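Taking it in order: structure first as structure tokens, then the write-up.
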Amino acid sequence: MGASSLPEKLLKPYDPKQTESEIYKAWEKSGFFNPDKCVEVGVVNKDADTFSMVLPPPNVTGTLHLGHAFESALQDAIVRYARMNGKKTLWVPGTDHAAIATQEKVEKVLYKTEGKTRHDFGRNEFLDRVNKFAEQSHNTIVNQIYKLGASLDWSREAFTLDDKRTLAVRTAFLKMYDAGLIYQGERIVNWDPKLQTTVSDDEIDWIDETTNLYYLKYGPFIIATARPETKFGDKYVVMHPEDKRYSQYKHRDNITLEWINGPIIATVIKDSVIDMEFGTGVMTVTPWHDATDFDIAERHNLKKEQIIDLSGKLLPNAGEFAGLHIKKARPLIVERMQQKGLVEKIDNGYLHRIATNSRGGGSIEPQILKQWFVDVNKEFAIKKSQIKGIDSGAITSLKQIMRLSVTNGQVKIIPERFEKVYFHWIDNLRDWCISRQLWYGHQIPVWYKGDRVYVGIEPPAVSWQDDGWIQDSDTLDTWFSSALWTFSTLGWPEFANSAKKGELGPENDLANFHPTTIIDPGYEILFFWVARMVLMSGFLLGEVPFKTAYIHGILRDSKGRKFSKSLDNGVDPLEMIDRYGADALRMSLIIGVGPGNDSAFSEQKVKAYKLFANKLWNITRFILTNIETAEYDENFSDWTKVDTTIRGERDNMLKDITDDMNNYRLYMATEKLYQYVWRTFADKVIEESKEIFKDNNKAGASRRHLLVETLKKMTAALHPFMPFITEEIWSMLPIKNRKMLIVERWPE
RNA sequence: GCGCGAUUAGCUCAGUUGGUUAGAGCGCGUCUUUGACGUAGACGAGGCCAGAGGUUCGAAUCCUCUAUCGCGCACCA
């Protein structure tokens, strides 16, 4: 076979643009992304092992960034490897409504373009706008995922806010409510006055701030505070029971003293939470606006008084300062206290932390509000459990489920160091505030009518509105729906009892594909998502959501900074694909980046793997121009001694990377493949061949077979990482009964 | 405060359970090459593997401490 009969495109340098979109279409048309289809057409055995994974659903807040490309490159490689091992392989796509992030984004856009707030539109019209935006984002995102070559089963695509997921969310809510694990309570929560909603503890960013520490005379005591404006209502003074300086004061003693707006009666409380070393060892409590103080108040059953309203303004109990915003009020109040001689001294340069809403909101003002919570400590009897250490019917708690699922080895976290982080988080975990005062999201499935409260999947009556029922106006934390993702995408609750293992079709997914094999999120959502999935899956299904959590790091810019809008350092994955090809981008993101490690994006690196793709292309050209296709015999056995050695070394290398793949060391497998293909196969084996081919003898035949065989194996082994070019090359190689490479077997 | 990482060539980073002269990409130097590929090839320069101590026949790898940077958690008002 001469060069003239080679595929025309092979005569030119590799051009990803000519190849990639065509190949993706061919994959989609083949149906091989769908495990049922693979069985139907006979490329996968019906009783084969299964592999399943859900895509961490990207937020519909705009477009994907390089971090998503990194994530999907890793996942697609894992998925393709599983598929090439003959498994029934399912990778479920979807997107996340990302309640607070999306609402915030749309509100900003609307205010900028139309000068209107969400209240100007009203709930329904505003939600129409958000939905429209979300749909556009979704389409952009899906297109981006196509371009990356991700082999997702689009027939199973899900959205965290669609009908099926709504059913799952409401079912989960009801079951947890019935078990007493969801309760409504007046508790101290993180209130964002700017976005007018609560946020969970995990959504808070703490920012260091240098401020003044005011030492105030509180009767016979000196108290230290950074926030004098909250102190109007403080009627309790707290000290350590063993603090000898204050031993003359007894628990519950009443003391009359002069305070900001006149005389008050203060009550002494002794509590060992007080740090005797800090300040004067005495503090007053503001239970309504401070979490620590709230806990003290709860312990001693103290009265709680609201000082600041939900917009951050002082209430009437602040006397003449009522109506002032706390920021403006502080200096005035300090001035007043100085006039009254209540200020002992002021330390400047006091470092303390301010809570801010990490979702783009403002400073958090703790408030006591009636909210919905998930009780993580409450004991309950679990109906059925396959979690080792918790028997069906046993008494357990959500915390215990989360902890045991990992300690018993059913969930393995990679890298292992994140297990410590995970346990540490569980140990400090408080009840999870799940209600948000947002409009976009799952509205809480609770209806009120007078004193009556109805919790259900459907409203209390068809004509509930006419009957005077009112639905809770809050929505759920977006992570509530994300936490159900591994099974809400696999037919829960609809097919919870009917799914049959071994039978095809989405209605049986729950039996076939759950627990999922692996999940691959970044470490920044270890608590938000990974831990909550373990919680929900444990409670609702009595099993773990995934067997392995492969945690990846954050992709940063070339200077090691996070990609962020304010720095405007974002890179569009499509631009990189356009310039270098998806294969090159994927390879550059995977190679050499260990689990959990951050990495700096380098365009140079992408370029390097574009060169690699071209190298592979040229290797193919060389080999195809030097063999007669008709001559190639898949059962050739007359190897020369040298070639036998080369084959042996090659296959050892493949065994080695197979081991890497089985242990999710993709960063090493790719490195080894790259080295072998270029430094050994091209530079040594092929170079030597040129001499051998000068004599067309037995050695030449052996060598020709070696080259084709090795190229086949390398092409197949590179397929999980560089799916497009390898699929293209595969179609040109002399192969009997050729299937698409995506469903060929991993080389051994 | 508690915890977790990182520190390896000019730059960005690998080095999986400790095992012969420590690797890659990019960059740099010299040369080669026009029948696979200049998007190439050959050769090379460049590293007391943060520092100190310890375990070991043997340490970049394990232990202890120190320094610097980064991150997570935390009810010091």
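The values are calculated or read from the model by the stated rules, or taken from the named source; none is laboratory data. Predicted, not measured: the structure shown is a model, and the values here were computed from it. Neighbour counts run over all protein chains shown; Cβ positions are idealised from the backbone, glycine included. Accessible surface areas use protein heavy atoms only, side chains included; no ligands, DNA or RNA. Shrake-Rupley method; radii C 1.70, N 1.55, O 1.52, S 1.80 Å.
List of remarks:
- Beyond 31 Å in Cα-Cα separation lie the following of the pairs A:565/A:605; A:46/A:420; A:194/A:304; A:88/A:712; A:655/A:690; A:112/A:328: A:46/A:420.
- Calculated on alpha-carbon atoms, Rg and Dmax of region A:656-706 in Å: 15.0, 45
- Per residue, the accessible area of region A:80-238 comes to 39 Å², computed with a 1.4 Å probe over protein heavy atoms only.
- The 1.4 Å probe gives accessible areas that order A:46, A:217, largest first, as A:46, A:217.
- Accessible-area composition of region A:179-295, carbon plus sulfur, in percent [1.4 Å probe]: 50 percent
- When you count the other C-beta atoms within 10 angstrom of each residue and take the mean per peptide, A:228-241, A:365-378 line up highest first as A:228-241, A:365-378.
- Globularity ratio of region A:578-681, using Cα Rg and 2.2 N^0.38 Å: 1.29
- With protein chains left intact and a 1.4 Å probe, residues in region A:315-465 average 51 Å² of accessible area per residue.
- Cα-based radius of gyration of chain A once divided by 2.2 N^0.38 Å, which approximates compact folds: 1.17
- When each of the peptides A:639-646, A:116-123 is scored by how many other beta carbons lie within 10 Å of its residues on average, the order from highest to lowest is A:639-646, A:116-123.
- Cα extents for region A:617-742 along the principal axes, largest to smallest and rounded to whole angstrom: 44, 28, 25.
- Radius ratio Rg over Rh of region A:142-270, counting only Cα atoms, Kirkwood formula for Rh: 1.23
- For region A:249-357, trypsin sites (Lys or Arg not before Pro) meeting the loop criterion (DSSP other than H, G, I, E, B) and having at most 14 other Cβ atoms within 10 Å: A:250, A:252, A:303, A:340.
- Relative packing of A:701-708, A:128-135, A:667-674, which averages over residues the other C-beta atoms within 10 Å, highest first: A:701-708, A:667-674, A:128-135
- Shown here for region A:421-496: chymotrypsin sites (Phe, Trp or Tyr not before Pro) in loop regions (DSSP other than H, G, I, E, B) with at most 16 other Cβ atoms within 10 Å, namely A:464.
- Accessible area per residue (1.4 Å probe, heavy atoms of protein chains only) ranks A:300, A:97 as A:300, A:97, with the largest value leading.
- Rounded to the nearest 10 Å², the accessible area of residue A:256 at probe 1.4 Å: 110 Å²
- Kirkwood estimate for region A:349-413, i.e. one over the average of 1/r between Cα atoms, Å: 15.4 Å
- Heavy-atom accessible surface of region A:31-160: percent carbon and sulfur, 1.4 Å: 46 percent
- Environment charge of residue A:276, counting only residues whose C-beta is closer than 10 Å and scoring Lys/Arg +1, Asp/Glu -1: -2
- Calculated on the Cα set of region A:1-117, radius of gyration then Dmax: 20.8, 70 Å.
- Surface composition of region A:590-690: carbon plus sulfur atoms hold 48% of the accessible area, using a 1.4 angstrom probe and ignoring ligands, DNA and RNA.
- Point-to-point label distance, residue A:680-residue A:579, nm (Cα→Cβ direction, 7 Å offset): 3.3 nm
- Other residues whose C-beta falls under 9 angstrom from the C-beta of residue A:491 contribute a net charge of -2, scoring Lys and Arg +1 and Asp and Glu -1.
- For region A:92-208, the Cα-based Rg and Dmax, in that order, read 17.7, 49 Å.
- Efficiency of FRET between residue A:656 and residue A:303 - r from beta-carbon atoms, R0 51 angstrom, step 0.05: 0.15
- Value at 222 nm in deg cm²/dmol, rounded to 500, when DSSP H runs of n ≥ 4 in chain A each add -39,500 (n - 2.57): -11500 deg cm²/dmol
- Net charge contributed by nearby residues that have their C-beta within less than 14 Å of residue A:554 (K/R +1, D/E -1): -1
- Under the simplified labelling scheme, the residue A:559-residue A:598 pair shows an inter-label distance of 1.4 nm, with each label point 7 Å from Cα along Cα→Cβ.
- Directionally averaged shadow of region A:303-446, computed from the convex hull of its alpha-carbon atoms, nm²: 14.9 nm²
- Simple Cβ-charge dipole of region A:20-161, Lys/Arg +1 and Asp/Glu -1, about Cα centre, in debye nearest 20: 80 debye
- Backbone N atoms of region A:341-380 closer than 16 Å to the 7 Å Cα→Cβ label point of residue A:566 belong to residues A:354-364.
- Cα-Cα over 18 Å, subset of A:231/A:340; A:615/A:739; A:17/A:559; A:87/A:739; A:37/A:739; A:25/A:739: A:615/A:739; A:17/A:559
- Accessible surface ranking for A:745, A:650, 1.4 angstrom probe, highest first: A:745, A:650.
- Over region A:193-245, the ratio between the Cα radius of gyration and 2.2 N^0.38 Å evaluates to 1.59.
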